[in-house]
1. Taking the stretch 96-120 as the search range and keeping residues that are free of Cβ contacts under 8 Å to residues at least 60 places away in the same chain, closer than 16 Å to L29 by Cα and touching a helix residue (DSSP H, G or I) at 6+ places or on another chain (Cβ under 6 Å), which one is surrounded by the most Cβ atoms within 10 Å (Cβ to Cβ)?
2. Assuming K11 fulfils every condition listed in (1) more than 30 Å from L124 (Cβ to Cβ); (2) part of a helix (DSSP H, G or I) apart from one, which condition is it?
3. Kindly indicate whether any position in the stretch 20-36 is surrounded by fewer than 19 Cβ atoms within 10 Å (Cβ to Cβ) and within 9 Å of the chain's Cα centre (by Cα).
4. Return the only residue of T83, T42, T105 being under 17 Å from L22 (Cβ atoms), over 17 Å from the mean Cα position of the chain (by Cα) and β-branched (V, I, T).
Amino acid sequence: MSGLQHAQSFKDLIVYKKSRQLQQEIYDLTLSFPKDEQFSLTSQIRRSSRSIGSNLAEAWAKRRYEKHFLSKLTDSDGEQNETQHWIETALACKYINQQTSVQLTQKCLEIGRMLGGMMDKADLFCGEPSRTVRDEAAEYIISTDN
């Protein structure tokens, strides 16, 4: 038996943690972008970097169905690619330097490789979930008896 533990939540996934770190780095970095970029480049790069993790969370929720899981992982990968585009744009506009661009792009590429690995092994993540009750069952039927 391997020493690897199964993730109980999307929050346990290393790729999710890395996407959250990238998101925060980009947010912090964009605080220094010019105010006239607030509704264009700043909002776009923040949105795409945040969407990497949000799509991972959605993929986790849809892992009962492999095709849905793969679709959301593909969306997540698309968002990391879009984030790379905005990093290049920020470099071209001289809002970030070459070193920062390379570091952020490397983080995107690492996330992309991890997402690719998940896509290649989707069957390990997907299928029927265990039948455990997480919370008390909610009452869905209202009794008409008085």
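The values are calculated or read from the model by the stated rules, or taken from the named source; none is laboratory data. Fair warning: this is a prediction, and the values are worked out from it, not measured in the lab. Here the Cβ positions follow ideal geometry from the backbone for every residue, glycine too, while neighbour counts run over all protein chains shown.
1. Only one residue tops the list, namely S101.
2. The failed condition is (1).
3. There is at least one residue in the stretch 20-36 that is surrounded by fewer than 19 Cβ atoms within 10 Å (Cβ to Cβ) and within 9 Å of the chain's Cα centre (by Cα).
4. Answer to the check: T42.
To keep it simple, each residue is scored yes or no on (1) at pLDDT below 90; (2) closer than 26 Å to S54 by Cα.
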| residue | (1), (2) |
| --- | --- |
| A90 | no, yes |
| Q106 | no, yes |
| I111 | no, yes |
| V133 | yes, yes |
| E136 | yes, no |
